[in-house]
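Worksheet: one structure, shown below.
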Amino acid sequence: DRLMGQTVNVRNDVLETIGERGLILDGDRLLQGESVLVISSNELPSFNLSQTPEILVTGKVWRLNFEDLEENYSLHLDRNLYANYENRPVIITNSLILSPDPEDLGKNPQKYYGKPLAIAGEVEDIADYGVFELDEESVFGGEDLLVIQTEAKVELNDEQNVLVFGVLKPLAIDDLEHEYQLNWSQSSKQQFQIKYPQKSVFIADKIQFLE
């Protein structure tokens with residue numbers, strides 16, 4: 001009840017989809033550990049449910065009332081599909097973004113290249129030219145995730161927990177420098193190429209601090 005009408009961020013595994021606009025997220029501490037119904041104002045992206053994809057959802061918490069959804073969101077749901085969820089908490093969202101498990105991201109980075117992602121982790125090894133890593137315990141199952149801030153650089157500290165929004169790309173420094181106008185010095189480029197033999201890099205366009 002304390003969350004009704006409030007905007008929340010929930011990041012968890014997708015357990016199942018319902019029709020073209022509904023999905024069920026695994027239990028979340030905000031909602032007393034129960035699974036969470038999410039209704040999207042847009043059609044859902046396709047999910048491979050056998051891999052229990054993790055997503056980040058931003059939206060408002062309501063109780064599922066079909067008349068209210070029709071009036072306030074112009075959502076006309078199949079009542080038969082959602083009958084078991086009527087009057088239960090629901091998150092109404094227009095923001096769904098893949099937030100893959102670190103293990104999945106590390107095993108198959110090519111699968112995620114070029115897609116909008118939100119990755120959580122702990123900051124470490126900050127460089128003065130906008131480069132840092134996300135902690136190995138949180139990302140890539142033991143291998144740090146390399147992150148580049150390309151524009152307005154957020155001031156970071158080691159061991160800060162953050163949620164980083166951006167895209168994963170192959171690590172090709174000349175291509176990245178041209179595409180994002182990095183304007184690195186030659187010494188910075190040399191340091192980068194020596195220190196980071198990774199094959200992928202996460203290009204950050206937004207960083208959110210986590211408590």
Problem set entry | Residues of type lysines that Lys153 reaches as a straight line, Cα spacing below 22 Å, ignoring anything fewer than 8 places off in the same chain | Lys115, Lys169, Lys189, Lys195, Lys206
Exercise. Ignoring ligands and nucleic acids, what accessible area does Ser41 show with a 1.4 Å probe (Å², nearest 10)?
Worked result: 40
For this session: Kindly provide the helix-only [θ] at 222 nm of the chain, computed as the sum of -39,500 (n - 2.57) over DSSP H runs of four or more divided by all residues, to the nearest 500 deg cm²/dmol?
Result: -4500 deg cm²/dmol
For this session: Return the long-range amide H neighbours of Asn12 (sequence gap of 5 or more, or a different chain), with a cut-off of under 5 Å between placed amide H atoms.
Result: Ile55, Val57
For this session: Using amide H atoms built 1.01 Å from N in the peptide plane, name the residues 5+ places from Val201, or on other chains, whose amide H lies under 5 Å from its own.
Result: Lys169, Leu171
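Return the FRET efficiency for the residue pair Asp128, Val167: r is the Cβ-Cβ distance, R0 is 25 Å, and the value is rounded to the nearest 0.05. Walk me through the intermediate numbers first.
On the way: r = 23 Å, r/R0 = 0.93.
Computed FRET efficiency for Asp128 and Val167: 0.60.
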For this session: Work out the FRET efficiency for Phe66 and Thr7 from their Cβ-Cβ distance, taking R0 = 25 Å, and round it to the nearest 0.05.
Result: 0.70
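Is the shape of the range 144-206 rounded, prolate or oblate, going by the alpha carbon gyration tensor and its root eigenvalues a ≥ b ≥ c, with a/c under 1.5 for rounded and a/b larger than b/c for prolate? The partial results should precede the final answer.
Numbers: a/c = 1.44, a/b = 1.40, b/c = 1.03.
Here the range 144-206 falls in the rounded category.
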Exercise. On average, how much accessible surface per residue is there in the chain, in Å², for a 1.4 Å probe, leaving out ligands, DNA and RNA?
Worked result: 55
For this session: In a Gaussian network model over the chain where Cα atoms closer than 10 Å are linked, find which of Asn161, Asn65, Asn48 has the largest mean-square fluctuation.
Result: Asn48
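Tally up the carbon and sulfur contribution to the accessible surface of the chain as a whole percent, 1.4 Å probe, everything protein left in place. Mind dumping the intermediate values first?
Working: 4800 of 11700 Å².
Within the chain, the accessible surface is 41 percent carbon and sulfur.
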Exercise. What ³J(HN,Hα) values, in whole Hz, does the Karplus curve 6.51 cos²θ - 1.76 cosθ + 1.60 give for the range 15-26 when θ = phi - 60°, with x put for Gly and Pro?
Worked result: 8, 6, 10, 10, x, 8, 10, x, 8, 10, 9, 4
Seminar exercise, completed: Counting sequence-distant residues (5 or more places) and residues on other chains, those with an amide H built under 5 Å from that of Asp135 are Glu122, Val123, Glu124
Exercise. In the Gaussian network model of the chain, springs joining C-alpha atoms below 10 Å, which of Arg21, Arg11, Arg88 carries the largest mean-square fluctuation?
Worked result: Arg88
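The values are calculated or read from the model by the stated rules, or taken from the named source; none is laboratory data. Because the structure is a prediction, the values reported are computed rather than measured. Glycine gets a Cβ as well: all are built from the backbone with ideal geometry, and neighbour counts include every protein chain shown. Keep in mind that these areas ignore ligands, DNA and RNA; they rest on the heavy atoms of the full protein, side chains included. Shrake-Rupley method; radii C 1.70, N 1.55, O 1.52, S 1.80 Å.
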